[in-house]
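Only one structure is covered here, and it is reproduced in the block below.
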Amino acid sequence: MTGASSGIGEATARRLAAEGFEVVAAARRRERLDKLAAEIPAIRPVTLDVTSEESVAELAASLERCDVLVNNAGGAVGLEPVAEALVDDWRGMYEVNVLGSLRVTKALLPKLIASGDGVLLMLTSTAGLVSYEGGGGYCAAKHAQTSMTETLRLELCGEPVRVIEIAPGMVQTEEFALTRFRGDAERARQVYQGVPDPLTADDVADAIAWTVTRPSHVNIDRLVIRPRAQAAQHKVHRVS
Ligand code: 8X3
């Protein structure tokens, strides 16, 4: 489980541990993982930077086996139109969302196959399915991740590995919008303003747990999950 130190990653680590999995919670921020592991014995903390080949190789070497890989590390930076996009923001989003998932997938795929019944799960986004103004680099990165997931499912057909994509819409987490707006808490708050019940990280963790605990022959290809108030990317019900 990558990106396990907060948000959907942390909620999923907790949920999978509750389902009986031994969870390797991997992320950069070790102190947060240590806290989680102190609370839940089935969680093992591992420091991981998905942008580093060495760090990913260390993770793979430390694992005796891997039955489920959740590629969750990701995020958005910036909401500028393409015309004003910062190349470094795009590069950063590609590094984590796309290349990070690629690195971890490549490193752990042999173990998933060797498990005899593996699950490779990609946390994408509805931004991987549609584009929106300002979505620029994030939509492009998530589209790439969606495409990588579809390709993997084709390439792994015949291997004992399910390939699952979870594409959430509006999820209110501690950090997603704050990171996107470079720490501007007021702009982050406005994203969810007036939206009755955006999804929570636990809602997404619940969906993930359901997909990975289906019988081995059942592959949930893609699960799109949005709050009731969001009928489509641009169609969000808000109350004042
Ligand atoms: C997050 C969903 O709508 O901000 O992945 O792109 S959105």
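The values are calculated or read from the model by the stated rules, or taken from the named source; none is laboratory data. Computed from a prediction, not measured in an experiment: that's the story for all the values here. Don't worry about glycine lacking a Cβ; one is built from the backbone with ideal geometry, like all the others, and counts go over all protein chains shown. Note: areas computed on protein heavy atoms with side chains; ligands, DNA, RNA excluded. Shrake-Rupley method; radii C 1.70, N 1.55, O 1.52, S 1.80 Å.
A 1.4 Å probe run over segment 66-236, with the rest of the protein chains in place, finds 46 Å² accessible per residue.
May I ask you to list, by number, the DSSP H helices of the chain whose Cα span along the axis is at least 27 Å and whose average Kyte-Doolittle hydropathy reaches -1.0 or more?
Passing helices, by number: 136-155.
Using Cα centres only, tell me the gap between segment 111-132 and segment 23-45 in whole Å. Comparing the Cα centres of segment 111-132 and segment 23-45, I get a distance of 22 Å. Among the protein heavy atoms, those of Y94 account for about 80 Å² of accessible surface (1.4 Å probe, every chain in place).
Dipole orientation for the chain: of the candidates L63, Y132, A17, Y132 has the Cα lying most toward the positive pole (charges on Cβ; Lys, Arg +1; Asp, Glu -1).
How large a share of the accessible area of the chain, in percent, is made up of carbon and sulfur atoms when the probe is 1.4 Å and the other protein chains stay in place? Please list the in-between numbers first.
On the way: 6170 of 11680 Å².
Answer for the chain: carbon and sulfur cover 53 percent of the accessible area.
If you place +1 on the Cβ of every Lys and Arg, -1 on the Cβ of every Asp and Glu, and leave all else neutral, what size is the dipole of the chain about its Cα centre, to the nearest 20 Debye?
Working: 26 positive and 32 negative charges, 80 e Å.
With only Lys, Arg, Asp and Glu charged at Cβ, the dipole is about 380 debye.
Suppose a student asked you for the relative contact order of the chain, using Cα pairs under 8 Å spaced at least 6 residues apart; what percent would you report? Don't jump to the answer; show the numbers that get you there.
Values: 445 pairs, mean separation 47.6, N = 240.
Worked out over the chain, it gives 20 percent.
Here V68 sits with roughly 40 square angstrom of accessible surface, probe radius 1.4 Å.
Between A232 and T51, the distance separating the two model label sites (each 7 Å from Cα on the Cα→Cβ line) works out to 3.5 nm.
How much net charge surrounds V195 when only the other residues with a Cβ under 13 Å from the Cβ of V195 are counted, with Lys and Arg +1 and Asp and Glu -1? Show your work: numbers first, answer last.
Numbers: positive: R189, R226, R228, K235, R238; negative: D197.
In short, +4.
Cα centroid distance between segment 207-240 and segment 140-171, in Å? Segment 207-240 and segment 140-171 have Cα centres spaced 15 Å from each other.
Give me the percent relative contact order of segment 80-197, please, defined on Cα pairs under 8 angstrom at least 6 residues apart. In percent, rounded to a whole number, it is 28.
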